[in-house]
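The values are calculated or read from the model by the stated rules, or taken from the named source; none is laboratory data. Because the structure is predicted, anything quoted here is derived from the model rather than measured. Glycine also receives a Cβ, built like all others from the backbone with ideal geometry; neighbour counts cover every protein chain displayed. Note: areas computed on protein heavy atoms with side chains; ligands, DNA, RNA excluded. Shrake-Rupley method; radii C 1.70, N 1.55, O 1.52, S 1.80 Å.
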Amino acid sequence: MTFDISRRGLLVAGSALAVLPFSSRFGHAAEVTLRLGHSAPVEHPFHIRVAEAAEAIAKETDGKVELQIFPASALGGDNDLMSQTRSGGLDFCQPTGQILSSILPVAATPALGFVFSDYDAVWAALDGDLGAHIRKEIEANTGLVPMEKIWDLGFKLLWTGSKQVRTPEDLVGLKVRVPVSPVSVSLYKALQANPVTIQFSDVYTALQTKMADGMDLQASYFYISHFYEVQRYCALTNHSWDGQWLCANKAMWEGLTPEIRDVIAKNLNNAAVLQREDLVKVSSTVVEDLKTKGIEFNEADTAAFKRKLKEVGYYDEWRKELGADAIGLLEKYSGPLGG
């Protein structure tokens, strides 16, 4: 599959997955109907690939299993979707590590600041020991069962409206919008910025009215949300990576037959790997397109940022919060983080 990164092109790619009513396609109603809610726009690779997985699941089960998808926060925001899935109101959700950390702190481990140098390190960690540790903790403590492969949300960049950021000193006093996440808030406090927690739906107005001077966000979401209209600069920090754990309600999952579980898990995990490839291509295209829209990109001294975080005890504090086991597993892939 190829992607046209224009908003229209991506909408077409997403809508191309629309299909006939389930009973019309298979000649009978599904024996198992499952509901998956997520927050990604329909033009985002997450939605496109999970919709493809739903089609594959239906075909491989000869129409016995229908996975209904509710995109773009149609059933609520990320925290709402996770809560609904835990209670059994939904069957699947896709919380990020930072969203999960509100109920399970260790889930935020991969999102710590300046720990991964590139995607090779990310996938080695999340498909390896660190990912296995986090999945085990999710299943044991949340009422959710995560699929094996985490979906890519991407590396965050730092976007600002009035000044370029190259060193930690450039961040001092800057009001940076961050999600409602302890990991994000603590990162910017450690760097002496002023983190401002604002719901995503309110971010455009906050930037427009200067309630915030900048934001940290993945390039794909920045582009889709038209934030280039209210920001001017981007520091290529790649300072924090996060992904989305596609999780099932545990009671529902254990009530399915092993055969159905295998089909669902296989197709969702395969889709996650394809989405990872999609997002890298999309993010690269987005950066080039944003240059034509007036965004000025600059390199950042990431080594200086990491030194600053070590000096102020950022990693030591998170070692206490998340536990030596989790940080030890992270350091297998990130290198020593102090402490």
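The table below lists the values:
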quantity: Anchor residue 291: lysines whose Cα lies under 25 Å away (excluding residues fewer than 8 positions away in-chain); calculated: 156, 163, 175, 210, 281
quantity: Solvent-accessible area of residue 177 with every protein chain in place, 1.4 Å probe, in Å² to the nearest 10; calculated: 10 Å²
quantity: Whole-percent carbon and sulfur share, accessible surface of the chain, 1.4 Å; calculated: 50 percent
quantity: Counting DSSP beta bridges with both ends in the range 148-231, the antiparallel % (nearest 5); calculated: 45 percent
quantity: Nearest 10 degrees, 0 to 90: helix 258-292 Cα axis against the chain principal axis; calculated: 40 degrees
quantity: Per residue accessible area in Å² of the chain, where ligands, DNA and RNA are left out and the probe is 1.4 Å; calculated: 41 Å²
quantity: Percentage relative contact order, the range 210-339, counting C-alpha pairs under 8 Å, at least six apart; calculated: 38 percent
quantity: Charge context of residue 127, other residues only, Cβ under 9 angstrom, K/R +1, D/E -1; calculated: 0
quantity: Anchor residue 64: lysines whose Cα lies under 22 Å away (excluding residues fewer than 8 positions away in-chain); calculated: 250, 266
quantity: Contact order relative to length of the chain, as percent, for alpha carbon pairs under 8 angstrom and 6 or more apart; calculated: 23 percent
quantity: Alpha-carbon centroids, the range 90-161 and the range 297-339: separation in whole Å; calculated: 16 Å
